Amino acid sequence: MQPVVPEQETDNYFTAGPGSMTVGAIAAIIMIAATTFLMPSLSPAAEFGVCFSLPANPLPHQIGCGINTLLIAFAIFLAFLFNKKHSFVRSTEAVLPTAMAVILASNPVNTSYLGAPVVMLIVNLVCLDIMMKAYNAENATTSMFAIATYLSVGSMVEYAFLALIIIYPIMAIMSKVLRLKEIVAYLMGLVAPYWVALGFGIISFSDFRMPQFLVNIPNADGNYLLMVFISLCTLALVGLMMTLNNAMLIYAGNMKVRTYNNMINLLGFSCGIFMLADFDNFGAYASSFCFAVSVQISNFFAMRRIPQSPIWFWGLLSLFIALFLFMLIESLIG
């Protein structure tokens, strides 16, 4: 294994071509179809926010899963576009979309219902793009206001968005854009959606509630849930190993790219902590966590010359496919 840092030499690194992308898409579609038709839903009892609550399954199960699948495809497409723009993964080929597709589809918490996980991933991708574009800007008030507004609107219907409010100011510090005017803009963005909703009579002060815990536990077999947690723990271990292995190469590279990766790592680490702290609503953070680990896996292969790298790449992804198969078997015989 011969890691090489300079960006101009990345043509010699592993890239996922159309073949890998096609195989990844087929594998993801098969796993999503199996989840939809053969496995129990991991939807919570309801989606609770600061002032609204949504039913867990507002649509028939298959229709909800179909819409959720389209949202997953949209999230993967966004990540691909944002990487072409910001190059937080050295390869602009399909390494990241392939890894994302397989990892997201391999855990039913991302695919078994239409709800917070994938929506939160899309919001995080948009907010990351805004933060990356604002890197070292002289005036980032508009960016900070926009990010805060998205998180504030999300918190109205899903309290998990509240946990993200502290994360983006830290990213702003990393991006060298957090000043007094940006702090004011961020606070205004947090308040504005509630102020507007109150002003138009959409909500009243009596609608405000504290986050409701112990009501979002998915109604599923214990052994099946255990396999879901094992898959997420395995993903966390792989993500940690990849992050540590990538750290020196990323640190030796471009400072802007290093900052972008640190922001994604912060998001992934925070979502991992939130899944433990807010255990009953762990699914809300799962898709964003999967994205962060997918970035590290993609960087691991994009930054190194590894003999037979496609075999190693697919060997790693096959681990999560195998865990999915164990979940499928458990759900069928459990």
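Numbers at a glance
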| item | result |
| --- | --- |
| Rel. contact order, % - alpha carbon contacts under 8 angstrom, at least six apart, the stretch 235-326 | 31 |
| Net charge of Cβ neighbours under 13 Å - reference Cys51; Lys, Arg +1; Asp, Glu -1 | -2 |
| Charge tally in the Cβ shell below 15 Å around Phe300, where Lys, Arg are +1 and Asp, Glu are -1, Phe300 excluded | +2 |
| Integer Hz, Karplus 6.51/-1.76/1.60 couplings in order for the stretch 74-90, x for Gly and Pro | 5, 4, 5, 5, 4, 4, 5, 5, 5, 5, 5, 7, 10, 6, 6, 10, 4 |
| Contact order relative to length of the chain, as percent, for alpha carbon pairs under 8 angstrom and 6 or more apart | 31 |
| For the stretch 95-110 versus the stretch 259-284, the gap between their alpha-carbon centres in whole angstrom | 17 |
| Stretchable slack from Ile173 to Val196, in nm (0.36 nm times residue separation minus alpha-carbon distance) | 5.4 nm |
| Relative contact order of the stretch 119-219, pairs being alpha-carbon contacts under 8 Å that are 6 or more residues apart, as % | 32 |
| Phi-based couplings in Hz for the stretch 267-283 (Karplus 6.51, -1.76, 1.60; Gly and Pro marked x) | 4, x, 4, 5, 5, x, 5, 5, 4, 7, 6, 10, 4, 5, 10, 4, x |
| Cut-off 13 Å between beta-carbons: net charge of the residues surrounding Tyr159, Lys and Arg +1, Asp and Glu -1 | -3 |
| With every protein chain in place, the chain: carbon and sulfur % of accessible area (1.4 Å) | 72 |
| In range of the label at Leu70: residues from the stretch 19-52 whose backbone nitrogen is under 17 Å from the point 7 Å along Cα→Cβ | 33 |
| Karplus (6.51, -1.76, 1.60) ³J(HN,Hα), θ = phi - 60°, over the stretch 190-203, in Hz, Gly and Pro reported as x | 5, 7, 3, x, 5, 4, 5, 4, 5, x, 8, x, 5, 10 |
| Sequence of Arg304, Arg209 from largest to smallest accessible area, 1.4 Å probe | Arg209, Arg304 |
| Distant-in-sequence amide H partners of Arg304 (H built 1.01 Å from N, under 5 Å) | Phe14 |
| GNM top mover of Asp207, Asp278, Asp129 - the chain, alpha-carbon springs below 10 Å | Asp207 |
| Approximate spin-label separation Asn139-Met241, in nm, with each point projected 7 Å along Cα-to-Cβ | 4.9 |
| Global geometry of the chain, whether rounded, prolate or oblate, following the gyration tensor of its Cα atoms and the 1.5 cut on a/c | oblate |
| Stretch gain in nm, segment Leu325-Leu226, where the contour uses 0.36 nm per residue and the Cα spacing is subtracted | 34.3 nm |
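The values are calculated or read from the model by the stated rules, or taken from the named source; none is laboratory data. Model, not experiment: these values are computed from the prediction. Don't worry about glycine lacking a Cβ; one is built from the backbone with ideal geometry, like all the others, and counts go over all protein chains shown. Heavy atoms of the whole protein, side chains included, go into the accessibility calculation; ligands, DNA and RNA do not. Shrake-Rupley method; radii C 1.70, N 1.55, O 1.52, S 1.80 Å.
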